[in-house]
Amino acid sequence: MAALRLAHARRLVVKVGSALLVDRITGDLNVAWLESLCADVARMKARGTDVVLVSSGSIALGRGRLGLGAGALPLEQAQAAAAAGQIRLARAYEEALAPHGLTAAQILLTLDDTANRRRYLNARATLATLLGLGAVPIVNENDTVATDEIRFGDNDRLAAQIAVTVGADQLVLLSDVDGLYTANPQIDPAAQHLPVVEAITPEIEAMAGGAASPHSKGGMRTKIMAARTATAAGCALAITGGAPLNPLRRLEDGARATWILPQTDPRTARKAWIAAMKPSGTLMVDAGAARALAQGKSLLPAGVTAVEGRFDRGDPVSIAGADGAVLGFGLARYTAAEARAIAGRRSAEIEAVLGYPGRAALVHRDDMAL
């Protein structure tokens, strides 16, 4: 089942843990392993799969370079280590992907960036553009500036949020464990491996434990939390051991893993999320725009006849026809003031009206629920 699912991924997010990237004894980058992972990524890209990597490792790589000892670091030292290590991490991915003709693109985020709707939309747009250009985004938590109150705290949950952001249909957590067990297999020899989990129940949550490696921040508990986020958004999640070379190819070939099944599909989940928001304003549209929306097209400024309410970019708005009937809901790509200024105008006129280049659509079809 695992091989079939991964082989048919349309958009895949892969989380890479520090314990896989960094040698536990020397603190050096595990170059051979990283090269094998990037070979797997290249093979999946060649068959049409979009791939996003969410990678830990900046602090682990930077602490040795700065001469910081083992053990937990104070916040300031952890941020300094991240600053030094992130350069090494990005360069390593760049060098490992380049022989395959692939471009690495670094993205650093905090919890604030995904909790704030405007920043979330910016991140979503950037990731979508990079994937459209064939690049491989390398995402990490921005440890250099993040403080406890704006941290994800582990890249399992960051990976789940990225999967939601890009509309991924599969998320693979490469870990130092090969899946979920009924108990801790290091303690209980009778623990049974669970190849498939159809739903995250209280019993499943009770099976989760803590971090197994001193290099890891997340344990099985954070993986289950990540799974809850991802599967609710229509993304299947796999937990598998990543230590051997070519971990994605091994997963395709049937390596032991736990697959946690999605509760819906990414498109349906996103539409439901948008439709559930309370709109901050209304965009009135003409009959031509209403027909275009029914055909699955975006809402362009030319079709807007009036703008009601006060809203910022990224806020939810309702879309209504000439008779006032609500046609659907969406996330505005302009503020209310900007929308009023460009209403009825062709997209080519936006720059002349606003004084800067803008987006062609006032509400993009991907951000709309009819």
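The values are calculated or read from the model by the stated rules, or taken from the named source; none is laboratory data. Treat the numbers as computed from the prediction; the structure is a model and nothing was measured. No Cβ is skipped: glycine too gets one built from the backbone with ideal geometry, and neighbour counts run over all protein chains shown.
Side notes on the structure shown:
- In region 225-241, residue nearest to R270 (Cα to Cα) [restricted to those that are in contact with a strand residue (DSSP E or B) (Cβ under 8 Å, 6 or more places away or on another chain) and outside any helix (DSSP H, G or I)]: C235
- Residues within region 242-261 that are surrounded by fewer than 17 Cβ atoms within 10 Å (Cβ to Cβ), within 13 Å of L6 (Cβ to Cβ) and touching a strand residue (DSSP E or B) at 6+ places or on another chain (Cβ under 8 Å), tallied: 0
Condition check ((1) part of a loop (DSSP other than H, G, I, E, B); (2) at pLDDT below 95) across all residues:
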residue: L4; (1), (2): no, yes
residue: V13; (1), (2): no, no
residue: L20; (1), (2): no, yes
residue: I25; (1), (2): yes, yes
residue: C38; (1), (2): no, no
residue: M44; (1), (2): no, no
residue: L53; (1), (2): no, no
residue: G64; (1), (2): no, yes
residue: G67; (1), (2): yes, yes
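- Taken over region 203-237, the residue count meeting the criterion of being modelled with pLDDT of 90 or more, of a type in the set (A, V, I, L, M, F, W, C) and touching a Ser or Thr at 6+ places or on another chain (Cβ under 7 Å) is 1.
- Contacts under 6 angstrom Cβ, first residue in region 249-276 being in the same structural domain as S36 (by TED's automatic domain parsing) and modelled with pLDDT of 90 or more, partner acidic (D, E) and surrounded by 15 or more Cβ atoms within 10 Å (Cβ to Cβ), 6 or more apart: R249/D40; R256/D178
- In region 242-257, the residues that are on the phi > 0 side of the Ramachandran plot and either among the small types (G, A, S) or assigned to a strand (DSSP E or B) (or both): G254
- Residue in region 142-152 that is in a helix (DSSP H, G or I) and surrounded by 17 or more Cβ atoms within 10 Å (Cβ to Cβ) present: no
- Search result, residues across region 311-344 that are of a type in the set (D, E, K, R) and modelled with pLDDT of 95 or more: E338, R340
- Residue check, K271 buried (at least 21 other Cβ atoms within 10 Å of the Cβ) and either out of contact with any Pro (no Cβ under 8 Å at 6 or more places or on another chain) or among the hydroxyl-bearing types (S, T, Y) (or both): no
- Residue match in region 79-96 (condition: buried (at least 19 other Cβ atoms within 10 Å of the Cβ) and within 26 Å of L331 (Cα to Cα)): no
- Restricting region 158-189 to residues that are in a strand (DSSP E or B) and touching a residue at least 60 places away in the same chain (Cβ under 8 Å) leaves a set whose member that is surrounded by the most Cβ atoms within 10 Å (Cβ to Cβ) is L171.
- Candidate set: region 315-344, residues that are among the β-branched types (V, I, T) and buried (at least 20 other Cβ atoms within 10 Å of the Cβ); chosen: the one farthest from Y120 (Cα to Cα): I342
- Candidates in region 105-122 are the residues that are surrounded by 18 or more Cβ atoms within 10 Å (Cβ to Cβ) and in contact with a Lys or Arg (Cβ under 9 Å, 6 or more places away or on another chain); of these, the one that is farthest from Q161 (Cα to Cα) is L121.
- Any hit, region 104-120, residues being assigned to a helix (DSSP H, G or I), touching a strand residue (DSSP E or B) at 6+ places or on another chain (Cβ under 6 Å), assigned by TED's automatic domain parsing to the domain that holds L21 and at pLDDT 90 or above: no
- Meets criteria (touching a residue at least 12 places away in the same chain (Cβ under 8 Å), more than 20 Å from H100 (Cα to Cα) and of a type in the set (S, T, Y)) for S58: yes
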